[in-house]
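Notes follow the structure.
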Amino acid sequence: MSQRRGISFASVNDMVIRRTATVLLLITFLAGVRGGRVHAEEGMWTFDHPPLGQLREKYGFTPGAEWLEHLQLASVRFNDGGSGSFVSPHGLVITNHHVAAGQLQKLSTAQKDYVANGFFAPNESEELKCPDLELNVLVSSEDVTARVQAAVTAGASDAAALEARKKAIAAIERESFAATGLRSDVVSLYQSSEYWLYRYKVYTDVRLVFAPEQSIAFFGGDPDNFTYPRYDVDIALFRVYENNRPIVSRDYLKWSPTGARDGDLVFVSGHPGSTDRLDTIAQLETERDLVYPLSIDVITRRLGVLRQYAAQGAEEARQATELTFGLENALKAYRGEYQGLRDPQLLAKKQEEERGLRAQVAANPAWSAAYGGAWEAIEAAERTRRSLYKTSRFQQLRGSDLAALATSLVRYVEERGKPDAERLDGYHDAQLPALELRLFSPAPSYPSLDEKLLADALQESLDALGPDDPFVAAMLKHRAPADVARDAIRGTHLVDPSVRRMLAASGTAGLHSSADPLVVLAREADRFTRANEKTLDERVNSIETRAGEQIGQARFAIFGHTAYPDATFTLRLSYGQVKGYPLNGTIAPSRTTLYGLYDRAYAFDLKPPFAPPRRFLDHRDALDLTTPMNFVTTNDIIGGNSGSPVVNRAGEFVGIVFDGNIESLAGRFVYSEERNRTVAVHSAVIIEVLRKLYDADSLVAELIGS
C-alpha cells in the first residue's frame, strides 16, 4: 500500500525516501491531451499497454510484439536503485557509474579506491564479484486485480479492507514464488485500481568489469548536476554469472554503428522510481508545506556530518564519498521538486485538473454516488497525516548503515516466526532472498562513520521531539546522543556477517536475550515504529487506498487504458526524439562533443570538479574530438531511470540515460515537452574512450560484435 515521501518505515536511511504509492496519470486537462489521449512525448508506459496509437500517429512506427519482448528481456533492474541493459551475448550489462557507485564503494579498500580511480578487468578471471548486488529481469506480468479486490468483503472497514488486500497480495506472491522460483512482486497501479504480478529472473552473481574514474563519470560535479550541456562518461559494466560461468544472454542490445542523431525517434526502457502526477491537491499541499521542507533540512544536516567526517583525512573522505554523492544528488533533486511545488502556475494547473475531473464525476449520477466522496476522504486523511508526520518521521532509528542492519535483523527474526500471511510487507517468504542478500552481505562497514551518523540522527530526534518524547526517553535514557551512539556502535558485533547469521538463526528467543547494544537499541526502537505504522495504516493509508481506488475507477470509466500509471520502480517504456531546447536566451544543442569537454575543463583552469582524469589530458591528441559525448531527448523519465538504455527504431543501443535537466525536476508532478529533457551518454563516446584511453579493445570487440 502507499507510503508518502518521508514516512517510509522500510528503511532507516531517510535521505532518499521513495514514495511507493502508485496512481494513474491525470490526463484530463493536461496540455496536449485530446479526448483522454496523450499526444506529447509524455508517459512511462507499461509493456503490457504500450503507446502504439500515439507512436503510429506521430511517427508512423508501431513496434511489434517481438520488438517489445526483446527490449523487455534485455532490460535490467538494479535492485539497489537504477536500471541497465544486456549489451553482449556473454552476460555483459551496462549501467551508470553513479548506479554502480554503491558496489564500487563496497569493493574498495583504503589501498584501492574504485569509485575515484576506476577499474578494468581485461579478462574474466580478474572481474570482481559484487558483495550484495541483485539484478532483476522482468520475465512476465499478470493481472491479478480480481483476486486482490475479491479478498475485501462487502461492508468491511477501511482498515480491514487494507489488511485483506495485504494478505491476498502476500498469498499471490508466495504461490508464484513457490511455483516458478522467480521473484514475484504484486504492484498496485492506477491508484490501486489494478494489481499486477511481476515475475523476475534474479541474478546475484554479478561481477564488475569496468568503471571509469569518477572525475569523468561525474565531470562538473554538483554544480553541473541536473544541468545541460554536459560532458560525462557516466557508465559502468558488469557481467552476470550463473554456476560460476557467464550467462548466455540471448536478448541483448546490439550496438548502433552511428548512435543517436538529431531528430531521431528513440525509446528508453527502464525502471522509473516514483512520480506523483496524480496526487490530489490535499496530498500535494502536504508535500509542499511539510514533507519537502523537513526532508531538505534532514539531508542538509546529514551532509554537514559527512563533510566534517571527510575533513579528518583521506581514508575518512573515501568512506564518506558514496553517501555524500547520493545525498548531494538527492538534495538538488528535492530542491528542484520543491521549487516546482511552490510554483503558483503549477499548483493552479493541478487545481484546474482536479476541478475538471470532479466536475465530470459529479455530472454522472452513478459516478457521483460511487466516487464523489473520494477527494474529501483524502483531504481528511491528509489532515491526520500532517498531525502524525513529525512523530512518525523521527521515532525511528535512522542515519547509520549498521543501525539499518540491526533494524532489519530484528524485524527479520520477529516476522519469520509468524505465519506468512501475518507478516509485515518486505518479510514474506517470497521477499526473503532479496532481504537476506543485504542482511548477510560481506560488504565492509565503517563503524567510525556510523557512530557519527547515528549520534547526529539521535540528536536530531531529540531536537525535533524533545526530551520528554517516549521514543527519545527510551533511546537515550537521560544520556547524551553521542554517548548512546558510541556505546552502541563500538559495542556491537554486527559488523561481522557471521554474527548476523547466528543471531538470525537463534530465533526470537535468541533475539530477545541478545545483549548486543545495537540490537537492544533496535529492538526498543521497533516498538515505536510498529505502533506508528499501525496508526498510519488505520487512520491514513487504509482511507487513501480506498479513496484512491475510487478515483482510479472514475478515470477508468472515462478513459480506460489510454493513459499510463505513475512510476513504481517497475519496467516502463517511454518514447521521444533527440532534440535541443531553448536555454538562457539561446539554444541548447541536441548533443555535445569531446571538444566541449576540453573547453569547459580549461575554462575552469582544470580545477575540480572540472578536471578530467590524467589520461584524458595526456592522450587528448589520440581522440577524435568531434565525437558526440552527451545528448538530450524529449523522453519522459524520473529517478530510477538512471542507466536505462536509449534505443532507436531498430532496437539498437544508441546511448544510456544518466540525468535529466534542471527544468525536468518538476516532472515528478507534471511533464513539459518544451522543457523536460533526458540527458544521455552517446554510444560513440563510450567506444572512443574505451579503445583509445583505456586500452580496452577486447571489451570494445564484445560490445560492437567484432
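A compact table of results
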{"read-out": "Charge-dipole axis of the chain as Lys and Arg at +1 and Asp and Glu at -1 on Cβ define it, positive-most pick from VAL266, ALA362, HIS70", "value": "ALA362"}
{"read-out": "Dimensionless Rg/Rh of region 500-540 - Kirkwood Rh, Rg from C-alpha atoms", "value": "1.13"}
{"read-out": "Calculated from backbone phi, Karplus (6.51, -1.76, 1.60) coupling profile of region 614-620 in Hz, x at Gly/Pro", "value": "4, 4, 5, 7, 5, 10, 4"}
{"read-out": "Percentage relative contact order, region 281-555, counting C-alpha pairs under 8 Å, at least six apart", "value": "25"}
{"read-out": "For peptides 371-381, 510-520, sequence by mean Cβ density within 10 Å, most packed first", "value": "371-381, 510-520"}
{"read-out": "Helix-derived mean residue ellipticity, 222 nm - over the chain, DSSP H n ≥ 4, -39500 (n - 2.57), to 500", "value": "-14000 deg cm²/dmol"}
{"read-out": "Protection proxy ranking, peptides 345-355, 295-305, average beta carbon neighbours within 10 Å, highest first", "value": "295-305, 345-355"}
{"read-out": "Low-density loop positions, trypsin sites (Lys or Arg not before Pro), region 109-160 - DSSP coil, at most 14 other Cβ in 10 Å", "value": "LYS112"}
{"read-out": "Mean separation of Cα contacts under 8 Å (6+ apart) over length of the chain, as relative contact order %", "value": "25"}
{"read-out": "Descending semi-axes in Å of region 281-555, equivalent ellipsoid built from Cα gyration tensor", "value": "38, 25, 17"}
{"read-out": "Residue pairs, from the table LYS166/LYS452; LYS167/LYS201; LYS166/LYS390, whose Cα atoms sit over 28 Å apart", "value": "LYS166/LYS452"}
{"read-out": "From the C-alpha gyration tensor of region 181-285, square roots of 5λ in Å", "value": "30, 27, 17"}
{"read-out": "Normalised alpha carbon radius of gyration of region 357-460 [divisor 2.2 N^0.38 Å]", "value": "1.66"}
{"read-out": "Ratio Rg/Rh [Cα only; Rh per Kirkwood] for the chain", "value": "0.95"}
{"read-out": "Assigned charges on the beta-carbon of Lys, Arg, Asp, Glu; region 182-333 dipole about Cα centre (debye)", "value": "640"}
{"read-out": "Dimensionless Rg ratio for region 533-597, taking C-alpha atoms and the 2.2 N^0.38 Å reference", "value": "1.98"}
{"read-out": "Distance violations [Cα-Cα > 31 Å] among LYS607/LYS692; LYS332/LYS579; LYS332/LYS692", "value": "LYS332/LYS692"}
{"read-out": "Among 650-658, 497-505, the order from most to least packed when residues are scored by Cβ within 10 Å on average", "value": "650-658, 497-505"}
{"read-out": "With 5 Å bins from 0: P(r) over region 120-190, alpha-carbon pairs, percent", "value": "3, 13, 18, 16, 12, 9, 8, 6, 5, 4, 3, 1, 1"}
{"read-out": "For region 651-656, 3J(HN,Hα) per residue [Karplus equation, 6.51 cos²θ - 1.76 cosθ + 1.60, θ = phi - 60°, Hz, x = Gly/Pro]", "value": "x, 8, 6, 10, x, 9"}
{"read-out": "Normalised contact order of region 633-706, rounded percent, pairs of Cα under 8 Å and 6 or more residues apart", "value": "28"}
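Values in this text are rule-based calculations from the coordinates and carry no lab data. What you see is a predicted model, and the numbers here were worked out from it, not measured in a lab. FYI the Cβ positions are ideal-geometry reconstructions off the backbone, even for glycines, and counts take in every protein chain you see.
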